[in-house]
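Structure in structure tokens, see below.
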Amino acid sequence: MNKKKIILLSLSVFAVAGSAYGMKYYYDHFEKRGGKIVSKIPKLSQEDKIRNIIKKNLKDIQDCYNQRLEDGLDKNGKLKISWDINEIGIASNFNESDNELNDTELYDCSSHAISKWRFPEGIYFKINYTFKLKQKEKGDRQTASTVE
């Protein structure tokens, strides 16, 4: 009998704590508008989603730049690439809009890396993105620093 009371009391405490957390979550994330309950958290636009994917994958472009630095490239500059994103989220139709580094191997490596990224599905998009690449000293080795 004593064990049942302890278990019941424990369950009650967890239930109250869970309810309090649930209400806090509800008030933090939802509101009532015009009789409807709607989320307070704004949905990301397609542009924001694409920008986040590019930022998440910048290391791939940095790796291309670092490889070119190791091969003897000794320049800083912008690499502007345009590409299409098709309805299934795949990048294609790459175009080198501007390459201050005048390095076709960097462009080839970068466009190949971008072709592996997966973008949101369901809409056709045209992207123009400028990668600002500069050397950053790290000991004796030079590495890339990519700025949006």
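Can you work out which of the residues in the stretch 122-148 that are of a type in the set (A, V, I, L, M, F, W, C) and under 17 Å from the mean Cα position of the chain (by Cα) is modelled with the lowest pLDDT?
Per the stated criteria, the residue is VAL147.
Please identify the pairs in which a residue from the stretch 51-76 that is among the acidic types (Asp, Glu) has its Cβ atom under 8 Å from the Cβ atom of a residue that is modelled with pLDDT under 95 and crowded, with 18+ Cβ neighbours inside 10 Å, counting only partners at least 6 apart or on another chain.
The qualifying pairs are ASP63/ALA144.
State yes or no: is ASN93 within 17 Å of the chain's Cα centre (by Cα) and at pLDDT 95 or above? So that I can check it myself, show each step before the final result.
Numbers: within 17 Å of the chain's Cα centre (by Cα): no; at pLDDT 95 or above: yes.
Answer is no for this residue.
Determine whether the stretch 70-79 contains at least one residue that is buried (at least 18 other Cβ atoms within 10 Å of the Cβ), at pLDDT below 95 and part of a loop (DSSP other than H, G, I, E, B).
yes
LYS36 versus (1) in contact with a strand residue (DSSP E or B) (Cβ under 8 Å, 6 or more places away or on another chain); (2) modelled with pLDDT under 90: which is the lone unmet condition?
Failing condition for LYS36: (1).
Is at least one residue of the stretch 101-121 touching a Leu at 6+ places or on another chain (Cβ under 8 Å), open to solvent by 40 Å² or more (accessible area, probe 1.4 Å) and modelled with pLDDT under 95?
Looking for residues that are touching a Leu at 6+ places or on another chain (Cβ under 8 Å), open to solvent by 40 Å² or more (accessible area, probe 1.4 Å) and modelled with pLDDT under 95, one finds none in the stretch 101-121, hence no.
Among the residues of the stretch 80-100, which ones are open to solvent by less than 10 Å² (accessible area, probe 1.4 Å) and touching a residue at least 40 places away in the same chain (Cβ under 8 Å)? Give the steps one after another, and end with the answer.
First, pick out the residues of the stretch 80-100 that are open to solvent by less than 10 Å² (accessible area, probe 1.4 Å): 81-83, 85, 89, 91.
ILE81, SER82, TRP83, ILE85, listed by residue number.
Here are the criteria: (1) over 15 Å from the mean Cα position of the chain (by Cα); (2) without any contact (Cβ under 8 Å) to a residue 40 or more places away in the chain. Tell me which single one LEU44 does not satisfy.
(1)
The values are calculated or read from the model by the stated rules, or taken from the named source; none is laboratory data. Not measured: the values here are computed from a predicted model. Glycine also receives a Cβ, built like all others from the backbone with ideal geometry; neighbour counts cover every protein chain displayed. Each accessible area value is taken on the protein alone, full model and side chains, heavy atoms only, with ligands, DNA and RNA left out. Shrake-Rupley method; radii C 1.70, N 1.55, O 1.52, S 1.80 Å.
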